[in-house]
Amino acid sequence: MKIIASDYDGTLNHGGIDEKKKNAISRWRKEGNIFSVVSGRGAPDLIRIYNKNSFECDYLIADNGAVIMKPNGVIVCEDKIDVSVAKPFLEFLFSQGCKWGYVQTSFPCRVFKDNDFEEYDEDECFIFEELPEFPYIYQINTALESFEEAARVTEAIKEKFGDVLNPLQNGTCIDIVSVNMDKAKGIYKFIELLGAEYEDVITVGDNINDKDMIKEFRSYAMENAVPLIKELADFETPGITELIERELSLQAIK
């Protein structure tokens with residue numbers, strides 16, 4: 001048994017998820033292998049994507065590894081941010097030029113410094129001064145105007161909150177999880193739950209928040225990946241279909 005742990009945006013969903021890709025995933029699973037998605041997206045969003053696209057999948061790993069769940073939404077493992085850090089951290093984000101912070105909790109929650117949120121769904125928007133209570137937090141997301149600004153703020157978060165939070169840059173976005181979490185750590189928890197081995201894992205990704213899992217496990221970089229991911233990966237691939245075909249061929253040889 002082998003396990004593919006695939007990023008979603010720019011990787012599984014690179015040019016869409018067509019029938020060829022779906023058929024490849026199906027063949028992979030019919031050979032007794034596991035297919036999982038490991039994404040920076042929040043759990044509800046990842047489930048929505050799965051239901052919309054109707055591809056076969058054994059597990060969804062959301063929030064950069066913090067939430068491991070079955071495709072039906074049943075959570076089997078989770079890692080949370082200390083809710084007491086939310087207020088000072090969001091205040092810090094605003095001081096760094098971020099316009100909003102999206103808190104991945106039990107309800108949609110995009111927090112603004114003031115009421116400048118005309119382009120967003122009002123029902124999910126909150127003003128910082130009226131911050132709600134959070135039952136839990138899996139991840140906090142934000143975005144900047146440029147890659148360089150996102151890199152600057154990522155480093156500022158590490159310096160100020162690095163003892164409790166782990167900021168993961170993803171293009172112009174930043175995904176912030178607990179200091180104990182990243183995609184690699186989430187996959188380690190995942191294979192422990194499965195009773196699998198380190199050698200069983202194959203990862204594939206395209207952006208900086210994939211760095212830890214690409215570096216840690218046998219890995220593929222998408223041809224459209226950022227340079228860092230290509231440098232760290234063992235192989236390159238045009239897409240999931242080609243990766244699966246190569247790995248099935250290797251299994252057949254063995």
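The values are calculated or read from the model by the stated rules, or taken from the named source; none is laboratory data. Being a predicted model, the structure only gives us computed values, none of them experimental. Here the Cβ is made from the backbone with ideal geometry for all residues, glycine too, and neighbour counts use every protein chain on show. In case anyone asks, the SASA skips ligands and DNA or RNA and just uses the protein heavy atoms, side chains included. Shrake-Rupley method; radii C 1.70, N 1.55, O 1.52, S 1.80 Å.
Brief remarks follow.
- Residues in the range 176-196 that are within 17 Å of residue 208 (Cα to Cα), outside any loop (DSSP other than H, G, I, E, B) and either among the aliphatic types (A, V, I, L, M) or open to solvent by 10 Å² or more (accessible area, probe 1.4 Å) (or both): 176, 177, 184, 185, 187.
- Test: residue 159 is open to solvent by 30 Å² or more (accessible area, probe 1.4 Å), within 20 Å of residue 8 (Cβ to Cβ) and at pLDDT 95 or above: no
- Scanning the range 14-21 finds no residues that are open to solvent by less than 10 Å² (accessible area, probe 1.4 Å) and over 16 Å from residue 245 (Cα atoms).
- Meets criteria (over 16 Å from residue 244 (Cβ atoms), at pLDDT below 95 and in contact with a helix residue (DSSP H, G or I) (Cβ under 7 Å, 6 or more places away or on another chain)) for residue 73: yes
- Top-ranked residue of the range 234-254 - restricted to ones that are open to solvent by 20 Å² or more (accessible area, probe 1.4 Å) and in a loop (DSSP other than H, G, I, E, B), ranked as farthest from residue 151 (Cα to Cα): 254
- Within the range 153-164, residues that are free of Cβ contacts under 8 Å to residues at least 60 places away in the same chain reach partners that are among the aliphatic types (A, V, I, L, M) with beta carbons closer than 6 Å, at six or more positions or on different chains, in the pairs 154/174.
- Residue count for the range 147-156, restricted to those that are within 20 Å of the chain's Cα centre (by Cα) and either open to solvent by less than 30 Å² (accessible area, probe 1.4 Å) or within 15 Å of residue 99 (Cα to Cα) (or both): 3.
- Extreme residue, nearest to residue 19 (Cα to Cα), among residues of the range 214-250 that are touching a residue at least 24 places away in the same chain (Cβ under 8 Å) and charged (D, E, K, R): 245
- Sole residue being under 20 Å from residue 182 (Cα atoms), of a type in the set (Val, Ile, Thr) and touching a Phe, Trp or Tyr at 6+ places or on another chain (Cβ under 8 Å), chosen from 202, 208, 244: 202
- Only one of the listed residues (167, 227) is of a type outside the set (S, T, N, Q) and surrounded by fewer than 20 Cβ atoms within 10 Å (Cβ to Cβ). That residue is 227.
- Inter-residue pairs, beta-carbon under 9 Å, first closer than 16 Å to residue 83 by Cα and in the range 124-138, second part of a helix (DSSP H, G or I) and of a type in the set (D, E, K, R), 6+ apart: 128/87; 128/91; 131/87; 138/63
- Residue within the range 181-198 that is touching a Leu at 6+ places or on another chain (Cβ under 7 Å) and touching a residue at least 60 places away in the same chain (Cβ under 8 Å) present: yes
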